[in-house]
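Structure first, commentary second.
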Amino acid sequence: QGDKDGNIAGVLGIHHYLWIRLDLPWKSFSISRTKELEPPHLWRAWSPESVRQKVADVFSRLKAEHVQFGMDGVRNVWLVKPGCGTRGNGIKCFDNIRELLCYAAGRRKGAIAQKYIENCLLLHGKKFDIRSWTLVSNWNPLTAWLHEPYMRICTERHSLDADGLKNQFKHLCNRCVQVKSGSYEDEDSELGGNMWSVETFKGYLQDNFEGGESLWKKVEDQIRRISLMCLHCVQELVACTRVVAADPLSRRI
């Protein structure tokens, strides 16, 4: 936490986490819910300049070692979804750790928190994903058949501001979510359509980027690799014919 000038006021500690857990027996903890949470004494001894330098050093190491550093962005947005479920139910975006933990801890079943791809590829300013269906006809040896994918596009322009994070029509590409928007068009067209075929997408790449055909070839190869990697991860856990859906996202180039 810090003020508008970036001066350090404190950090989130375990006592902050305990403070928001409504389901925990508070009598077993020495800290009271009504007690003002003071920042750790360690941080008081550090100057803002030294903290900024340490943060800069960490970011330098991350940029060198974290392959997804360019996708993370600077808004610290996270996606929280149920441990099980479909059709976008229960999925929310957060940029506030307390709100995130409150939501996750308040669910009866488990929740998964994953880093949001802030620097995502957009179509006409809107977020999209690629729905790919894979048929597994044999797990040993692994034999998989990839059906031609299609693009699912949000109905509203992408935004990471506070109000935008609460808007599902900006962030969840699921058709069953987007169809509730008054501007949803279930057609294969660059002119307002929200479900594009591969041919329509290839036409968009050809019109807007040099070598559009080769760009799609790279995307297609990535889809194959991602699908195989996912299947190899669960190969020892399943032993029947299965149809698997995957929604790969591409980072902005």
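The values are calculated or read from the model by the stated rules, or taken from the named source; none is laboratory data. Everything quoted here is computed from the prediction, not taken from an experiment. Here Cβ is always computed from backbone atoms with ideal geometry, including for glycine, and neighbour counts include all displayed protein chains. For accessibility, only protein heavy atoms count, side chains too; no ligands or nucleic acids. Shrake-Rupley method; radii C 1.70, N 1.55, O 1.52, S 1.80 Å.
Summary of values
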| read-out | value |
| --- | --- |
| All positions within region 90-121 that are in a strand (DSSP E or B), more than 17 Å from Val74 (Cβ to Cβ) and open to solvent by less than 60 Å² (accessible area, probe 1.4 Å) | Ala111, Ala113 |
| Candidate set from region 188-237 (those that are of a type in the set (S, T, N, Q) and closer than 18 Å to Glu148 by Cα); member that is surrounded by the most Cβ atoms within 10 Å (Cβ to Cβ) | Asn194 |
| Boolean, Pro82 is at pLDDT below 80 and surrounded by 12 or more Cβ atoms within 10 Å (Cβ to Cβ) | no |
| Subset of region 160-187 (residues that are open to solvent by less than 70 Å² (accessible area, probe 1.4 Å) and either touching a residue at least 40 places away in the same chain (Cβ under 8 Å) or among the charged types (D, E, K, R) (or both)) | Leu160, Ala162, Leu165, Lys170, His171, Leu172, Cys173, Asn174, Cys176, Val177 |
| Positions within region 138-159 being open to solvent by 30 Å² or more (accessible area, probe 1.4 Å) and either touching a Pro at 6+ places or on another chain (Cβ under 9 Å) or not in a strand (DSSP E or B) (or both), in sequence order | Asn140, Pro141, His147, Glu148, Glu156, Arg157, His158 |
